[in-house]
Amino acid sequence: MVHFLHPALAPRNIALPDAEKDAQGSCVVQEEASPYSLVNICLDFLIANLEKLCSERSDGTLCLPEHWSFPQEVADRFLGVMTWQGKLTDRTASIFRGNQMKLKLVNIQKAKISTAAFVKAFCHHRLIELDATAVHADLPIPDIISGLCGNSWIQQNLRCLLLDSASIPRDSRLLSFGQLTGLRILSVFNVSFHSEDLADVSQLPKLESLDISNTLVTNISALLTCKDRLKSLTMHYLKCLTMSKSQILAVIRELKCLLHLDISDHRQLKSDLAFYLLQQKDILPNIVSLDISGGSYITDGAVELFIRQRPAMQFVGLLATDAGYSDFFTTKQGLRVAGGVSMSQISEALSRYKNRSCFMQEALYRLFTETFSMQVTMPALLKLVAIGMRNHPLDLPVQFTASACALNLTRQGLARGMPVRLLSEVTCLLFKALKNFPHCQQLQKNCLLSLTNSRILVDVPFDRYDAAKFVMRWLCKHENPKMQTMAVSVISILALQELLAIVKQKTTENLDDVTLLFTLKALWNLTDESPAACKHFIENQGLAIFIHVLETFSESAIQSKVLGLLNNVAEVRALSSELMAEGVVKHVSSLLQSKEMEVSYFAAGVIAHLTSDSQPWRSRGLQRSALLQDLYATVQNWPSSTCKMMALVTYRSFKAFFPLLGNFSQPEVQLWALWAMYHVCSKNPSKYCKMLVEEEGLQLLCDVRERSGADPQAQQIAASILDDFRMHFLNYRSPPLC
């Protein structure tokens with residue numbers, strides 16, 4: 001097997017031993033679950049503050065402080081992180097001029113830098129690896145080669161050069177790789193690379209690994225020049241070949257040193273080269289890794305026979321073929337298969353084909369079908385999905401299928417077992433997909449469904465303000481009721497977290513300003529008739545924050561809003577037990593006797609909902625009895641006519657009162673509910689009398705009025721509400737009351 005200086009720069013399909021591959025998978029999960037390293041934290045800080053820490057040259061570029069010096073490993077990593085974060089530009093690349101940074105392994109993937117900046121920043125270093133995958137067109141391949149060849153040390157010692165998806169000007173002549181005599185690994189995937197260029201490259205004296213996938217090569221006969229040293233050949237989707245199959249196979253037959261061969265193709269092209277290759281007995285005697293994914297007419301029997309004749313094989317690629325179903329592929333010791341038949345094959349495919357959108361889409365589709373009813377948390381698979389999304393941000397089929405897989409892998413309780421850092425990455429990628437494909441409704445639905453996950457919205461760090469703005473704008477443009485519901489759920493939870501943070505800060509500062517009042521009011525409205533929002537209020541330590549508010553401020557305007565929200569929580573039966581903590585009950589019951597009517601009213605509402613069910617109070621029966629007595633005394637002392645101080649009390653529905661109205665064993669809670677309904681019905685009969693009809697509350701009132709043994713005061717208030725109702729509909733055809 002060929003050993004490379006840097007794992008990330010190895011040919012894409014070189015097979016790894018089982019133990020090594022398993023170790024990589026476990027390391028990925030362990031890394032995601034571990035804290036960031038001190039080196040990464042320091043590098044992130046340096047990059048974020050580069051403008052402050054550096055001085056500026058006369059040409060506008062940045063310069064490091066003179067006394068700074070970086071070891072080679074740290075310098076390489078610094079550049080890699082800058083590139084990853086998209087911070088490498090002509091202005092920032094200049095910090096690598098001179099000798100303060102000593103680079104060996106240079107990664108400038110997708111960077112937007114000019115030729116001049118590249119030459120000045122990197123071509124004086126003693127480079128042994130350069131990854132210039134998908135660099136901006138301002139830095140074309142001929143200029144990269146020219147810059148590298150300007151350094152005689154690099155000419156002799158550069159071992160690895162990746163130029164995938166880099167550009168070549170139309171008027172460019174033959175690419176001059178010949179001076180890079182130390183080159184061992186070259187990749188020109190998806191480049192305007194011709195047969196003449198292949199002839200030049202094949203003469204490199206140390207070349208061992210070559211990737212010419214999706215190039216303009218028409219004839220591969222030049223490879224015979226390096227037949228005694230070429231160990232890895234990747235020619236996926238070599239669509240311009242004009243050679244016959246027998247001619248291609250004749251060349252491959254001469255490459256007796258090959259350990260890895262990739263002749264995979266797009267399934268739609270129905271290439272049968274792999275079919276004929278498998279029939280050959282005297283070919284590739286030392287092969288370790290063979291990728292024939294996407295090939296036509298491939299059968300389990302043919303693949304199995306080929307592998308049995310070459311027992312050293314460790315990997316075979318069978319995705320998007322008709323093979324991979326035989327037990328042979330699971331029982332053969334040490335053999336890894338990239339396919340779509342099982343989870344292990346799919347995982348291998350996602351790992352191998354992360355840079356090939358056609359195979360990534362196929363593997364993700366297979367993963368979706370396998371994980372539809374997933375019951376086990378699988379962080380390693382989610383990481384592979386995230387890599388696919390990140391590598392193909394503008395590929396709709398990949399993003400669409402990946403969003404569905406992300407939903408499957410995080411739905412219900414599965415997200416709780418995922419590392420927070422991994423969920424953060426996936427969440428950011430989902431928002432990118434939402435922004436990049438605004439018209440794909442199913443993708444939008446997948447992303448929003450994933451984002452409604454409480455684990456993600458509560459525990460995972462991401463830009464919540466930006467997310468809330470985006471979802472709010474999205475909500476204004478879409479009218480699908482189901483998707484609107486999901487969007488509202490996301491917004492409410494995001495907003496709730498930010499609002500609670502404001503309340504906590506204001507309370508800590510003991511600052512009862514207008515901002516605090518508006519924030520409390522917003523939280524009150526946010527949780528109104530929203531069990532999900534109430535649940536998130538509890539999960540985000542809202543109860544502790546609100547108790548602190550009651551302990552800090554005595555203003556009635558603040559107390560009433562706090563108690564109003566606690567009423568919303570108390571209405572949710574599944575959450576009411578959370579309010580039964582001694583601290584909560586103590587503070588709420590103390591406000592029953594408040595001189596401010598609104599404060600007393602909402603405190604009574606919380607007590608009414610909490611005490612309506614005797615089951616949770618089994619061990620605290622005396623306390624419940626005392627609370628009910630206090631509640632009854634409080635409501636009896638309220639004025640029979642409605643109070644002007646209660647003008648702001650409104651309801652969207654009466655349904656929360658109905659369980660209390662039917663509780664004849666606790667007239668205290670019944671009395672509070674009736675008083676509340678009477679208050680709003682007399683204030684706004686056109687709204688609330690209509691609500692009584694629509695929500696079928698009239699019969700409950702009639703039951704209270706006519707029930708023998710019911711509390712007389714409760715019966716009186718029920719009768720008053722019914723009289724007001726009758727008066728309001730006097731000039732209309734009145735619906736039957738009881």
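The values are calculated or read from the model by the stated rules, or taken from the named source; none is laboratory data. Keep in mind that what you see is a predicted model, and the values were worked out from it rather than measured. Quick reminder, even Gly has a Cβ in these numbers, built from the backbone with ideal geometry, and neighbours come from all protein chains shown. Ligands, DNA and RNA are excluded from the accessible area calculation, which covers all protein heavy atoms including side chains. Shrake-Rupley method; radii C 1.70, N 1.55, O 1.52, S 1.80 Å.
Can we say I287 is under 38 Å from the mean Cα position of the chain (by Cα) and open to solvent by less than 20 Å² (accessible area, probe 1.4 Å)? Answer is no for this residue.
If you check P393 against the conditions, is it touching a helix residue (DSSP H, G or I) at 6+ places or on another chain (Cβ under 7 Å), surrounded by fewer than 22 Cβ atoms within 10 Å (Cβ to Cβ) and not in a helix (DSSP H, G or I)? Answer is yes for this residue. Among the residues in the stretch 447-466, are any part of a helix (DSSP H, G or I) and over 15 Å from the mean Cα position of the chain (by Cα)? Yes.
Of all the numbered requirements in (1) surrounded by 22 or more Cβ atoms within 10 Å (Cβ to Cβ); (2) without any contact (Cβ under 8 Å) to a residue 60 or more places away in the chain; (3) within 22 Å of H125 (Cβ to Cβ), D197 misses one, and that requirement is (3). Take the conditions of a type outside the set (V, I, T) and surrounded by 15 or more Cβ atoms within 10 Å (Cβ to Cβ) and apply them to A132. Does it pass? Judged against the criteria, A132 is a match.
Conditions tested, residue by residue: (1) open to solvent by 70 Å² or more (accessible area, probe 1.4 Å); (2) under 26 Å from T634 (Cβ atoms); (3) free of Cβ contacts under 8 Å to residues at least 60 places away in the same chain; (4) not small (G, A, S).
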residue	(1), (2), (3), (4)
A673	no, yes, no, no
C681	no, yes, yes, yes
Y688	no, yes, yes, yes
V693	no, no, yes, yes
Q713	no, yes, no, yes
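Scanning the stretch 320-341 for residues that are of a type outside the set (A, V, I, L, M, F, W, C), in contact with a helix residue (DSSP H, G or I) (Cβ under 9 Å, 6 or more places away or on another chain) and under 15 Å from G301 (Cβ atoms) gives T321, D322, G324, Y325, S326, K332.
The set of residues in the stretch 18-63 being in a loop (DSSP other than H, G, I, E, B), at pLDDT below 85 and open to solvent by 60 Å² or more (accessible area, probe 1.4 Å) consists of P35, Y36.
Residues in the stretch 135-173 that are of a type in the set (D, E, K, R) and open to solvent by 10 Å² or more (accessible area, probe 1.4 Å): D138, D143, R159, R170, D171, R173. The single condition among (1) of a type outside the set (V, I, T); (2) open to solvent by 30 Å² or more (accessible area, probe 1.4 Å); (3) in a helix (DSSP H, G or I) that F602 does not meet is (2). Here S373 clears all of (1) open to solvent by 20 Å² or more (accessible area, probe 1.4 Å); (2) part of a helix (DSSP H, G or I) except the condition numbered (2). Would you confirm whether or not the stretch 441-457 contains a residue that is buried (at least 21 other Cβ atoms within 10 Å of the Cβ), touching a Lys or Arg at 6+ places or on another chain (Cβ under 6 Å), within 17 Å of F537 (Cα to Cα) and aliphatic (A, V, I, L, M)? Taking every residue of the stretch 441-457 in turn, none turns out to be buried (at least 21 other Cβ atoms within 10 Å of the Cβ), touching a Lys or Arg at 6+ places or on another chain (Cβ under 6 Å), within 17 Å of F537 (Cα to Cα) and aliphatic (A, V, I, L, M).
Here V503 meets each of (1) outside any helix (DSSP H, G or I); (2) within 27 Å of H548 (Cα to Cα) with one exception, condition (1). Picking from residues in the stretch 104-120 that are touching a strand residue (DSSP E or B) at 6+ places or on another chain (Cβ under 9 Å) and among the aliphatic types (A, V, I, L, M), the one that is surrounded by the fewest Cβ atoms within 10 Å (Cβ to Cβ) is L105.
Taken together, the residues in the stretch 302-328 that are outside any loop (DSSP other than H, G, I, E, B) and in contact (Cβ under 8 Å) with a residue 12 or more places away in the chain amount to 10. Going by the conditions given, is D44 of a type in the set (D, E) and within 21 Å of L158 (Cβ to Cβ)? It is false that D44 is of a type in the set (D, E) and within 21 Å of L158 (Cβ to Cβ).
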